[in-house]
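> For reference, the structure I am asking about is given below.
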Amino acid sequence: MDSIHITTPHRSYPIHFGALTPKLQFKGKVLVVSNSCVGALYLDFLLPKISAPEICICIIEDGEHYKTFESVQRILETAFLHRLDRKSTMIALGGGVVGDIVGFAAGIFMRGIDFVQIPTTLLAQVDASIGGKTGINNVFGKNLVGLFHQPASVHIDPFFLRTLPAREFAAGVAEIIKMAVTFDAPFFEWLWEHHLSLETQDSLLTALRGAISIKQRVVCQDEKEQGLRAALNYGHTFGHAIEKESGYGHYLHGEAVSMGMVMVNALACKHGCLTTSEAERICTLLQSYNLPTHYKILNKQQFYHSLFLDKKTANNKIKFILPDSIGNVLFYDKFTYEEIMNVLEQFCDS
Ligand SMILES: NC(=O)c1ccc[n+]([C@@H]2O[C@H](COP(=O)([O-])OP(=O)(O)OC[C@H]3O[C@@H](n4cnc5c(N)ncnc54)[C@H](O)[C@@H]3O)[C@@H](O)[C@H]2O)c1
Ligand SMILES: [Zn+2]
C-alpha cells in the first residue's frame with residue numbers, strides 16, 4: 001500500500017491508498033463510528049481488518065440533519081460506557097458528515113484522542129477526510145462549531161465507492177474539478193481527457209491521487225486557513241448561498257458548488273482574470289458529469305445578503321476567490337454592490 005504524508009505544526013500523518021491491508025493495529029481500545037447506511041454496508045467488512053484489545057461500535061443516524069451535538073453526545077456516551085481512555089482511538093467510517101462529527105468528538109473527548117478517517121464517499125476521500133477540519137451544524141448555520149483536529153491516519157479505498165449513488169459520485173467530482181481549477185492546470189487538462197467513473201478504476205485512482213496531493217500541499221502550507229487554504233473555497237461563497245436559498249438538502253453540496261463555480265466564473269470574466277472560453281470549458285466539464293451548472297436565483301436581494309454569511313467574510317467585505325486563468329486563483333474583495341448585482345442578474349432568468 002502506498003501513501004502520502006501530511007505534515008502540520010501539530011502532527012504528521014499518512015494518507016494510505018488501496019485496500020485496508022495489512023490490518024489496522026491499535027494498542028488501546030477502538031470505537032468505530034458509522035451511520036445506519038454505511039454501517040449496514042461495510043461494518044462486517046471493516047471489523048475483521050482491525051486488531052485492538054477491544055472494539056466497540058456506535059451507529060449514528062444518516063444525514064446532514066444529524067450533524068449535531070446530539071450525535072456527538074451519543075458518541076461520547078458510548079466512549080465513556082466502554083471506558084475508553086486517552087490511549088484509545090475513534091474510527092470514522094462514512095462520508096464527510098460522519099468524519100466531521102467523529103473528528104470533533106475525538107477532539108473533545110478527554111481533551112483530545114486519536115481518530116482515524118476511513119472515508120466512504122468520493123467527496124470525503126478527496127476533501128473532507130483530509131486536513132483536520134471537524135465540526136457540527138447548529139441553528140445558526142453549517143459547520144459553525146468545531147475545531148482543527150488532525151486524524152492519526154486516513155485510508156482511501158475506492159472499493160467503498162461501488163455502492164455510492166451516481167449523484168453522490170458526481171458531487172465528489174465537482175470538488176475534484178474545483179481543486180484542478182484552483183491549483184493545477186495540467187490536472188485540469190488530464191480531467192478534460194479522462195472521464196471518471198467507477199468502471200475506470202485506474203483513472204479514478206489517478207484522479208484521487210491528483211486531488212489529494214493538491215489538498216496535501218495546501219494543508220501542509222496553511223493548516224488553519226490563514227491564507228492559501230481559503231482558495232479551496234472557490235465556488236463555495238455562491239454555493240452556500242444556493243444551498244440556503246434552495247433549502248438545505250435540495251441540492252447536494254457538490255452540486256451547489258458546481259453552480260457556485262459557474263457563478264463566480266462570471267464575476268472572474270467581468271474582472272478580466274478568466275476568459276469566456278476558459279469559463280465555458282469549466283462549465284462543459286461539470287456538465288459532462290450531469291452536474292447542474294445554472295442556478296436560477298429566486299430573490300436577488302436576499303441572495304446578495306446570503307453571500308455575507310460565509311465564514312470568509314471579513315469587515316463586511318466579501319473576499320471572492322477568482323480563477324486567474326485555469327490553475328491559479330486570486331483573492332479579491334473590491335467588487336462594488338452594482339458589479340455583484342449585475343452578475344446576479346445573469347442568473348435571475350431561467
Ligand atoms: N472537514 C472538511 O474539510 C470538509 C470538507 C468538505 C465537506 N465537508 C463536510 O462533508 C459533508 C458532506 O460529505 P458527503 O458528501 O460525504 O456526505 P454524507 O456524509 O452525508 O454522505 C452522503 C450519503 O452517502 C451515504 N454513503 C456514504 N458512503 C456510502 C457508500 N460507500 N455507499 C453508499 N452510500 C454511502 C451516506 O450515508 C449519506 O447518505 C458536509 O457535512 C460538509 O460540511 C467537510
Ligand atoms: Zn465543498
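The values are calculated or read from the model by the stated rules, or taken from the named source; none is laboratory data. Just so it is clear, the model here is predicted, and its values are computed rather than measured. Glycine gets a Cβ as well: all are built from the backbone with ideal geometry, and neighbour counts include every protein chain shown. What goes into the accessible areas is simple: the full protein's heavy atoms, side chains included, and nothing from ligands, DNA or RNA. Shrake-Rupley method; radii C 1.70, N 1.55, O 1.52, S 1.80 Å.
> Relative contact order (percent) for the stretch 78-235, with alpha-carbon contacts under 8 angstrom and 6 or more residues of separation?
Averaging sequence separation for qualifying contacts and normalising by length gives 19 percent for the stretch 78-235.
> Could you give me the ³J(HN,Hα) list for the stretch 253-270, computed from phi with Karplus coefficients 6.51, -1.76, 1.60 and θ = phi - 60°, whole Hz, x at Gly and Pro?
Going residue by residue, I get 3, x, 5, 5, 5, 4, 5, x, 5, 4, 5, 6, 5, 4, 5, 5, 5, 4 Hz, with x marking Gly and Pro.
> Roughly how tilted is helix 69-81, in degrees to the nearest 10 and between 0 and 90, from the longest Cα axis of the chain?
20
> Just the accessible area per residue of the stretch 133-281, please: how many Å² with a 1.4 Å probe?
39
> Please list the non-local residues whose amide H lies under 5 Å from the amide H of His195, H modeled 1.01 Å from N, same-chain partners needing a gap of 5 or more.
none
> Next question. Using amide H atoms built in the peptide plane, which far-off residues or other-chain residues are under 5 Å from Val329 H to H?
Distant-sequence amide H within range of Val329: Asp324.
> Just the number, please: Stokes-Einstein D of the chain in µm²/s, Kirkwood Rh from C-alpha pairs, 10 °C, 1.306 mPa s.
77
> Roughly speaking, to the nearest percent, how much of the chain's 1.4 Å accessible area is carbon and sulfur?
52
> Which chymotrypsin sites (Phe, Trp or Tyr not before Pro) in the stretch 122-200 pass both tests, a DSSP loop state and at most 12 other beta-carbon atoms within 10 Å?
Phe140
> Just from its helices, what would the mean residue ellipticity at 222 nm be for the chain, if runs of 4 or more DSSP H residues each count -39500 (n - 2.57) and the sum is divided by every residue, rounded to the nearest 500 deg cm²/dmol?
The helix contribution divided over the chain gives -13000 deg cm²/dmol.
> Taking the Cβ of Glu64 as the centre, find all other residues whose Cβ is under 12 Å away and add up their charges (Lys, Arg: +1; Asp, Glu: -1).
That works out to -2.
> A follow-up question, please. Roughly speaking, what is the centre-to-centre gap between the stretch 199-215 and the stretch 30-76 when only Cα atoms are used, to the nearest Å?
26
> List, in order, the whole-Hz ³J(HN,Hα) value for each residue of the stretch 154-171 obtained from phi through the Karplus relation with A = 6.51, B = -1.76, C = 1.60 and θ = phi - 60°; use x for Gly and Pro.
10, 10, 9, 10, x, 3, 5, 6, 4, 9, 6, x, 4, 5, 5, 4, 4, 4
> Just to check I understand the Karplus step: with θ = phi - 60° and J = 6.51 cos²θ - 1.76 cosθ + 1.60, what whole-Hz values come out for the stretch 128-138, glycine and proline as x?
Values per residue, Gly and Pro as x: 5, 7, 10, x, x, 7, 10, x, 9, 9, 8 Hz.
> Can I ask one more? Looking at the P(r) of the stretch 1-92, how many percent of alpha-carbon pairs lie beyond 18 Å?
Here the long-distance tail beyond 18 Å is 55 percent of all Cα pairs in the stretch 1-92.
> Let me ask something else about it. Viscosity 0.692 mPa s, temperature 37 °C: give me the Stokes-Einstein translational D for the stretch 166-346 in µm²/s, with Rh taken as the Kirkwood radius over C-alpha pairs.
D, rounded to a whole number, is 200 µm²/s.
> Give me the percent of DSSP beta bridges within the chain that run antiparallel, rounded to the nearest 5.
40
> Angle, helix 201-221 long axis vs. longest principal axis of the chain, Cα atoms, 0 to 90°, nearest 10?
On a 0 to 90 degree scale, this one is about 90.
> Here is a further query. Anything over 23 Å Cα to Cα? Flag those among Lys133/Lys319; Lys87/Lys215; Lys133/Lys244; Lys224/Lys296; Lys178/Lys244; Lys23/Lys133, in the order listed.
Too far apart for the 23 Å limit: Lys87/Lys215; Lys224/Lys296; Lys23/Lys133.
> Where Lys and Arg each count +1 and Asp and Glu each count -1, what net charge lies around Gly210 among other residues with Cβ under 14 Å from its Cβ?
Neighbourhood net charge equals -2.
> Can you tell me what the convex hull of the Cα atoms of the stretch 2-163 projects to on average, as an area in nm²?
8.7
> Under 5 Å between amide H atoms, partner at least 5 residues away or on a different chain: which partners does Ile57 have, H built in plane at 1.01 Å?
Long-range HN contacts for Ile57: Val32.
> For the stretch 141-191, what number results from the quotient of the Cα radius of gyration and 2.2 N^0.38 Å?
Expressed relative to 2.2 N^0.38 Å, the Cα Rg reads 1.50.
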